[in-house]
Amino acid sequence: MSKTISIDGQSVPFEEGQTIMDAALAAGVYIPHLCHNPEFTPHGSCKLCTVKVNGRNVASCTMPAVEGQEVLNDTEELNADRLALTQMLFVEGNHLCPACEKSGNCQLQAVAYYLGMMSPHYNHFYPQREVDASHPDVILDRNRCIYCELCVRASRDADGKCVFGMSGRGIGSSLVVNSASGRLGDTNLAVTDKAVQVCPTGAILIKGKGFTVPIGRRIFDHYTIKQIQTGGGPHE
Amino acid sequence: MSERKIRLATCSLAGCFGCHMSFLDIDERLFDLVELVEFDRTPLTDIKHCGPCDVGIVEGGVCNAENVHVLKEFRKNCKVLVAIGACAINGGLPSLRNNIDLWDCFQEVYQYEGGLEGGVVPNDPELPLPFDKVHPIYEVVKVDFFLPGCPPSGDAIWRFLTDLLAGREPKLDYEQLHFD
Ligand code: SF4
Ligand code: SF4
Ligand code: FES
């Protein structure tokens, strides 16, 4: 007999070694997440996936599923926390969606839509961040980076290249590029690399493709991120 | 409806008037609207100052001293203040200049770019003082409701207004909520 946890009262089976997030995704239960991508080792940094397990808040993408856990997920309180985290991500970077090629296909924006974010609420930092257009096929716009490290993980674990890394701590963090000049154009990054495909935001974009699908006809214009990430709609 | 009509004011600060154009996209529903509301200050009436109103709708962010005066006049006079569009809500496209030095910006536009007679940065006392950064209006005054979009569609605006005027908490359908 398979082991189960309960998520919002629903019984969800899991296998030994799976996290709460793994079990939820396999069962088609949506737990909002940004830094998690099932193809890569969990990172546990954005905290959007926070759930309440037996009364304590934990990151579901890193928390192993254990027989009999009572998990609260889709509650007003947790969604309010998630909304606040999302709003902080918006004001900590420079997110001008109308000028962003990723708009409509962006997971940060989609999570904001899902949580009903009507404004970023907090005062904007308007940080000074660098754009790196030196690569012939790929552009890196740090204004939109949320430091999820998916590109770091993908470049290291899938591409075997280590093109990206993080430097600094806290609000002083920045995404750095592994070349003597620090420029993307001086790395061996290829447009086909996994690192180029995984960015959930418009921080890493492939050049010359921006508006092949017009605004208004993109994934999250018509489907919620919940539908997409639990298999209810087309995949990116 | 025999009671007093709801008094509505609108203005555009650091915006492109796109939200106002989208407002006109409610098309013939404008006839339904004027049954319910009376316009105070708005580009439609050309009234220059806002009097006591029930609802004020502000497009655009705050990029200069004049924007702040107008915004404060709206906040003082309007019972309910609404931020409409990306610029009022996060600074929008005008805030693309927030990470460029203001003087560099002026020089680029008035001195280095061809086509402007004289090539001097305007410095008339009549001109409002520009700020070094563009800000959303909620960083300056309290805002009661937000209607995102760049611009929000006519349908989203109509949905929002009909909710608000009927005394309901405005709520958009999923496909009406857009940041772009
Ligand atoms: S990365 Fe996403 S949230 Fe940021 S500006 Fe682009 S579409 Fe908007
Ligand atoms: S560039 Fe994209 S994938 Fe990399 S850390 Fe930033 S948001 Fe994440
Ligand atoms: S998705 Fe779990 S912490 Fe980011």
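Nothing in this text is a laboratory measurement; each read-out follows from the coordinates by a stated rule. Note that the structure is predicted; figures quoted are calculated from it, not measured. We place every Cβ from the backbone using ideal geometry, glycine too, and count neighbours over all the protein chains shown.
Quick look at the values:
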item	result
Angstrom value of the Kirkwood radius, inverse mean 1/r, which spans all Cα pairs in the range A:1-154	16.9
Pairs of alpha carbons in the range A:107-210 whose separation is greater than 24 Å (percent)	24
In the range A:86-229, lysine pairs with alpha-carbon atoms under 24 angstrom apart (chain gap of 8 or more, or interchain)	9
In sequence order, calculated HN-Hα J values of the range B:49-65 (Karplus, 6.51, -1.76, 1.60; Hz; x Gly/Pro)	10, 8, x, x, 9, 7, 10, x, 10, 10, 9, x, x, 10, 10, 8, 4
Tilt relative to chain A, helix A:76-92 - C-alpha long axis, 0 to 90 degrees, to 10	10
Shielding score for A:121-129, defined as the mean number of other chain Cβ atoms within 10 Å	4
Inter-centroid distance (Cα atoms) of the range B:50-79 relative to the range A:72-132, Å	26
Most positive-pole-ward Cα, B:I6, B:V82, A:M117, against dipole of the protein assembly as shown from beta carbon charges	A:M117
Sites A:A26 and A:Q197, calculated FRET efficiency, Cβ-Cβ separation with R0 30 Å, nearest 0.05	0.85
Within the range A:86-229: Cβ-based charge dipole about Cα centre, in debye rounded to nearest 20 (Lys, Arg +1; Asp, Glu -1)	200
Among A:Y223, A:G202, A:F14 the positive-end extreme of the charge dipole of chain A (Cβ point charges)	A:G202
Label-to-label distance, nm, for residues given as B:D32 and A:K207 (7 Å Cα→Cβ offset)	5.0
Label-zone membership for the range A:183-206, site A:E130, 7 angstrom Cα→C-beta point, backbone N under 11 Å	A:183-185
Student exercise, chain B dipole from Lys, Arg, Asp, Glu Cβ charges, in Debye to nearest 20	760
Cα-centre dipole for the range B:124-168 with unit charges at Cβ (Lys and Arg positive, Asp and Glu negative), debye to 20	300
Links that overshoot a 18 Å alpha carbon limit, given the list B:K5/B:K76; B:K76/B:K142; B:K72/B:K142; B:K5/B:K79; B:K142/B:K171	B:K5/B:K76; B:K142/B:K171
Value of [θ]222 nm, deg cm²/dmol, for the protein assembly as shown, DSSP H segments ≥ 4, -39500 (n - 2.57) each, nearest 500	-6500 deg cm²/dmol
Selection from A:V152, A:H135, A:I171, by position along the positive dipole direction of the range A:117-179 (Cβ)	A:I171
Whole-Hz couplings from phi, Karplus 6.51/-1.76/1.60, listed for the range A:174-190; x for Gly and Pro	8, 8, 10, 10, 7, 8, 4, 7, x, 9, 5, x, 9, 9, 9, 4, 10
Distant-in-sequence amide H partners of B:N64 (H built 1.01 Å from N, under 5 Å)	B:F131
Loop GluC sites (Glu not before Pro), the range A:1-83 (other Cβ atoms within 10 Å of the site Cβ: 16 or fewer; DSSP)	A:E15, A:E16, A:E39, A:E67
Separation of the A:A158 and A:Y122 label points, Cα + 7 Å toward Cβ, nm	2.9
Nearby aspartates and glutamates by direct alpha-carbon distance to A:K47 (threshold 12 angstrom, same-chain neighbours under 8 apart not counted)	A:D81
Simple spin-label estimate for A:H222 and B:M21 in nanometres, 7 Å along Cα-Cβ	2.6
Beta bridge orientation in the protein assembly as shown: antiparallel %, DSSP, nearest 5	55
For the protein assembly as shown, the spread of Cα positions along each principal axis, largest first, Å	72, 59, 36
Spherically averaged projected area in nm², based on the convex hull that wraps the Cα atoms of chain B	11.7
³J(HN,Hα), Karplus 6.51/-1.76/1.60, whole Hz, each residue of the range A:108-113, x for Gly, Pro	5, 4, 5, 5, 4, 4
Rotationally averaged projected area of the range A:3-74 (alpha carbon convex hull; nm²)	4.1
